[in-house]
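Let me begin by presenting the structure, written as structure tokens, before commenting on it.
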Amino acid sequence: MPVNILMILADQHNARWLGCAGHPQAITPNLDRFASTGVRFEGAYAQNTICTPSRVSILSGQYCHNHGHYGLSGNTNFGLPSL
């Protein structure tokens, strides 16, 4: 059976602001439903302190020092396979 993976990437989103994480004012029924039927990670590590290089790392499977993308903008065509 094939595995289905849903990855949610959000800018400036703190996981503590989810109903499933116990926040008393957060109303996030769809994310709460996903969390109750799947796997929810409570810790994460990033390849860079800003989003774009980290996302290039996620999509390429390489560290920043390998793919060379360190900024928020620029050419992301490094000759790497694209997903």
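For the reader, a short list of remarks on this structure follows.
- Residue range of the chain that is longest and free of chymotrypsin sites (Phe, Trp or Tyr not before Pro) which are both DSSP loop and sparsely packed (at most 10 other C-beta within 10 Å): 1-40
- Computed over the chain: relative contact order in percent, which uses C-alpha pairs under 8 Å that are six or more apart: 16
None of the figures in this text is laboratory data; all of them are computed from the coordinates on show. These numbers come from a predicted model, not from an experiment. Every residue, glycine among them, receives a Cβ derived from its backbone with ideal geometry; neighbour counts consider all protein chains shown.
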